[in-house]
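Contents: one structure, followed by commentary.
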Amino acid sequence: MIYTVTLNPALDRELLVPSLEDRELLRASEVRVDYGGKGFNVSRMLAALGAPSVAMGFVGGFTGAALRTGLEGLGIATDLTLIAGETRTNVSIVSTDCGKTIKVNEPGPTVSMQELGTILGRVRALARPGDWWVLAGSLPPGAPPEIYAAIIAAAQATGGCAVLDTSGAALRAGLAARPFLVKPNGEEAATLTGMPVGDRAQARAAAAAIAGPEWVAISLGADGALIGGTDGYWHASSPPVRMANPVGAGDALVAGLVWRLSLGDPPDEALRWGVACGAAAAASPGTGQGSLAQVADLAGQVLVTQFAA
């Protein structure tokens, strides 16, 4: 089974406006609502691919109830932990004239140590050999940076594989637990290693410098992504798509990676599908994902090349 853990989920609202004008009343021509947070985005992409998952995370208040209802309405199984605070709402404003996007994220509700202990206990109770665990997104106020490391340890103690997609102190602390795979973007990899990540060669060097995980995947936006470990390093180019909203494309990439790795694909082939999923998501409005047919078509257009030893 694939589990996704989202400690700071959100209801994502996208407002489509004709243009972005300072000190002007902007009237939205379209409004889209998605059930978001990085781990929940992964579960939604997996659902679009026909791959089952269980979405775990904190939910609270009216917004949390809407998230639960929305995810289950999409056919996604949930194992959610109720908290006292109100789940956050994030807003994206997308202009049709220039394609620019403004995204504003709320910090999220403060969680207690008791609530953190509850979700950690659920992970320990559910963890089984061969399971995949995707731990994704920022931490809510009140959560220590080490919480992801504790979840990774619990998930992998029984033979599962943990995939970490976060940043900052949570990323540094999580690496100490040696997750199977870590997926920073270029900026996060540069911050983590202190090395520039301006091109593929620099990304490869940064990936090699990240100690702890068995595999490192670095997403590079329009330039695709790379993956590397002891068996080698590969780059996958992103196929050309008409950009709609890049928000959530990295989460779709993670979903594609984990989906194909869970089916037994080698990392370079899993990267091909991950990049195709990311491209499909970037071409979809809001934090949409596209379809399995679209992803399969895009996967055929992804060029995967191995770095020289």
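The values are calculated or read from the model by the stated rules, or taken from the named source; none is laboratory data. If you're wondering where the values come from, they're calculated on a predicted model, not measured in any experiment. Cβ atoms come from the backbone with ideal geometry, glycine included; neighbour counts cover every protein chain shown. Just so you know, the surface numbers come from the protein's heavy atoms only, side chains and all, with ligands and any DNA or RNA stripped out. Shrake-Rupley method; radii C 1.70, N 1.55, O 1.52, S 1.80 Å.
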Original post:
Restricting attention to the range 77-92, does a residue exist that is at positive phi, without any contact (Cβ under 8 Å) to a residue 40 or more places away in the chain and in contact with a helix residue (DSSP H, G or I) (Cβ under 7 Å, 6 or more places away or on another chain)?
Top reply: no
Subject >> Checking ARG27 against (1) within 15 Å of the chain's Cα centre (by Cα); (2) of a type outside the set (A, V, I, L, M); (3) modelled with pLDDT under 95, the condition it does not meet >> reply: (1)
Subject >> Considering residues of the range 246-283 that are at pLDDT below 90 and surrounded by fewer than 24 Cβ atoms within 10 Å (Cβ to Cβ) only, the residue farthest from PHE40 (Cα to Cα) >> reply: ALA283
**OP:** Scan the range 165-219 for residues that are in contact with a Gly (Cβ under 6 Å, 6 or more places away or on another chain), part of a loop (DSSP other than H, G, I, E, B) and surrounded by fewer than 22 Cβ atoms within 10 Å (Cβ to Cβ) and report the count.
**Re:** 2
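Can you name the residue in the range 76-107 that is surrounded by fewer than 14 Cβ atoms within 10 Å (Cβ to Cβ) and at pLDDT below 95 and, of all such residues, is nearest to THR118 (Cα to Cα)?
Start the filter on the range 76-107 by keeping residues that are surrounded by fewer than 14 Cβ atoms within 10 Å (Cβ to Cβ), which leaves 82, 84, 96-100, 102, 104, 107.
So of that shortlist, the ones also at pLDDT below 95 come out as 96-100, 102, 104, 107.
Working: THR96: 44, ASP97: 47, CYS98: 45, GLY99: 42, LYS100: 40, ILE102: 35, VAL104: 29, PRO107: 21 Å.
The selected residue is PRO107.
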Original post:
Would you pick out the residues in the range 147-164 that are in contact with a Pro (Cβ under 7 Å, 6 or more places away or on another chain) and either in a helix (DSSP H, G or I) or open to solvent by 20 Å² or more (accessible area, probe 1.4 Å) (or both)?
Top reply: ILE152, THR158, GLY159
